Amino acid sequence: MPMQTLTFECEIKPDRHLVLHLPGNVVPGRHRIALVIDPPNPVPIIPHMASMPARTPLWAQLEALRQQAEAEGTLPNALSMDEILSEVQRLRGRVL
């Protein structure tokens, strides 16, 4: 069975108890489960390096697009690590 990534958003109460209900495609039996807790206001893993000069024409073009999106207020929020891993998994499952 391939590894699955499940993402749950939940409110942690003061008693810190958490109950997860897994989807039906998780088969009963022994599993290894990793728990990653993102802080409430996650800090980007790789901050934007505005002071770094562009090394290639493509870099300069992408930086100009980024600055334009930031000025227009259309710059998307950085993805969380779970969102990045989910997107990689989605793309790897695609037949290219």
TODO: Between D15 and M81, with labels modelled 7 Å along Cα→Cβ, what's the label distance in nm to one decimal, could you check?
DONE: 2.9
Open item on the list: As a test of the definition: which semi-axes, in Å, follow for segment 54-96 when you take the square root of five times each eigenvalue of its alpha carbon gyration tensor? Largest first, please.
Closed with: 26, 16, 9
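None of the figures in this text is laboratory data; all of them are computed from the coordinates on show. No experiment lies behind these values; they were computed from the predicted model shown. Please note: Cβ atoms are built from the backbone with ideal geometry, for glycine as well, and neighbour counts cover all protein chains shown.
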